[in-house]
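A short reminder: the numbers here are calculations on the coordinates, not readings from a lab. Nothing here was measured: the structure is a model prediction, and the numbers come from that model. Neighbour counts run over all protein chains shown; Cβ positions are idealised from the backbone, glycine included.
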Amino acid sequence: MAGLEKVVRLVVVVATAGRKELLGAFLMSLARQTRLPDEVILSAPNEDHIALPQELPFPVSCVFGALGSSAQRNLGLATALPKADIVTFFDDDYFPVRTYLAELELAFAHNASWAVVMGSAPFDGANSAGYTPAEAFQLLDTLDSTPADRPRQVEHAVGAYGCNMSVRAALVGGLRFDERLALYGWQEDIDFTSQLRASGPIIELGCLRGVHLGYKKGRVSGVKFGYAQMVNPAYLIRKGTMPVHFAFNLMIKNLAANVMRSIFPEPWIDRRGRLKGNIVGLYHIATGRIHPEQVAHL
C-alpha cells in the first residue's frame, strides 16, 4: 500500500450549497479514512456556503461559481483533473466507511480497464426522514465492524450514482456534466458516467460502503424536483445517454409514487409539489418542450 500511495493521486470533489452546518461533519468523516485523500476540493456558489473544521489531515481547496450540481461538479472536476489519477465525487451527506478510499485505490490499481467505480449505502436516509451526523457516525461504527460483501462487478449498470462515485482521471478528457440539467441536476451522474462506458466498465464494489444521510436542507422545491423527474429522463433519451426502458421506468415509478402518496404524504417529502411538477413536465414533453434548464424558471 505504501508504494501505491506514492503513485496514485486521489482527489475528492464535493459540490455543496446551503448546508455548511453539515459540511464540517462530512469532512470529519473523511478524516477517519485509513487512506486519506490527497486533496479535497469543495465547489460552492460562494464562501458563505463553506465552514471548515480547524484542523484536517488533508489539504482543502475551495472553488466558487454558478449554483447547480452539474456546474459545481464541472468546476471541481476541472480543478482536480490536472493533479489526480482518481477523482472521487462524494455528496456532502454521504459518510464513507474508514477503508473506503483505501479499497478504492487498490481496486483501480489492480484493474487497469475499469473506468468508473461506485459503492453503496446500506443505510440510506433518502428513503426516510434522514439521519443526523451523530446517527451517521454511529452507523459507520456498525459498518466498520461488519465484514463487507465480496466485491461484485455490475455489467449491466447504465451509469454510476453520484453520491459516491469515482472515475479514472485519464479517461475523462473533455467530458463534463451536462449543465442543461440545472439546479439539483437529477440524473446528471448517470448521463456523465454512462459516456465513460466506452472506455471501460462501470463497477460496483461491495466493500465500498457508507451512510447516506438523506439530508433534506438545501434541496430544490418539490415542484422543481418533480419537473426534473419527468423532463430530465426525456432529455437524456433524446441525447442518447439513457436507454428508453431505463428512463420510462424512472418516470413511471416516480409518477406513480407521487400520485399514490400525495393523499397522505410523508412529512419529509413534498409529494403534492412533486406531482404538480410531474404534470407540468409531462405537459412540456407532450408539447415538444424538452428543455431541462426550464426548471430554474418554474
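Express the relative contact order of segment 59-158 as a whole percentage, based on alpha carbon pairs under 8 Å and six or more residues apart in sequence.
21 percent
Return one number: the angle in degrees, 0 to 90 and rounded to the nearest 10, between the long axis of the Cα atoms of helix 20-31 and the longest principal axis of the Cα atoms of the chain.
40 degrees
Quick check: the distance between the Cα centres of segment 26-81 and segment 237-298, to the nearest angstrom?
Measuring centre to centre over Cα atoms gives 31 Å.
Give the relative contact order (percent, whole number) for segment 2-212; include only Cα pairs under 8 Å separated by 6+ residues.
It rounds to 28 percent for segment 2-212.
Test of understanding: given the chain, find the longest segment containing no GluC sites (Glu not before Pro) that are in a DSSP loop and have at most 11 other Cβ atoms within 10 Å.
Between exposed loop sites, the widest span is 156-298.
Under 8 Å for C-alpha pairs, at least 6 residues apart: give me the relative contact order for segment 222-290, rounded to a whole percent.
That works out to 53 percent.
Across the chain, how many lysine pairs, 8 or more positions apart or on different chains, have C-alpha atoms separated by under 22 Å? Please give the number.
For the chain, qualifying lysine pairs total 12.
Counting each pair of different Cα atoms once, what's the Kirkwood radius of the chain in Å, rounded to one decimal?
When all Cα pairs of the chain are included, the Kirkwood radius is 19.6 Å.
How much FRET efficiency would the formula 1/(1 + (r/R0)^6) give for Ala109 and Leu56, where r is the Cβ-Cβ distance and R0 is 35 Å, rounded to 0.05?
0.90
Gain in length, Val259 to Arg197, computed as 0.36 nm per residue apart minus the alpha-carbon separation, to one decimal in nm? It would help to have the intermediate numbers written out before the result.
Numbers: separation 62, 0.36 × 62 = 22.32 nm, distance 3.47 nm.
Gain on extension, Val259 to Arg197, equals 18.9 nm.
Restricting to DSSP H runs of at least four residues, report the calculated mean residue ellipticity at 222 nm for the chain, -39500 (n - 2.57) per run over all residues, nearest 500 deg cm²/dmol. Mind dumping the intermediate values first?
Working: 9 runs with 112 residues, N = 298.
Counting only the DSSP helices, I get -12000 deg cm²/dmol.
If exposed trypsin sites (Lys or Arg not before Pro) are those in a DSSP loop with at most 12 other Cβ within 10 Å, what is the longest stretch of the chain that has none?
Free of exposed loop sites, the longest segment is 1-151.
Volume per residue, Å³, of the convex hull around the alpha-carbon atoms of segment 222-290? Please list the in-between numbers first.
On the way: hull volume 5.0 nm³, N = 69.
So the per-residue Cα hull volume is 73 Å³.
Using amide H atoms built 1.01 Å from N in the peptide plane, name the residues 5+ places from Leu67, or on other chains, whose amide H lies under 5 Å from its own.
Answer set, sorted by chain and number: none.
Could I have the simple spin-label model distance between Arg272 and Arg238, label points 7 Å from Cα toward Cβ, reported in nm to one decimal?
3.2 nm
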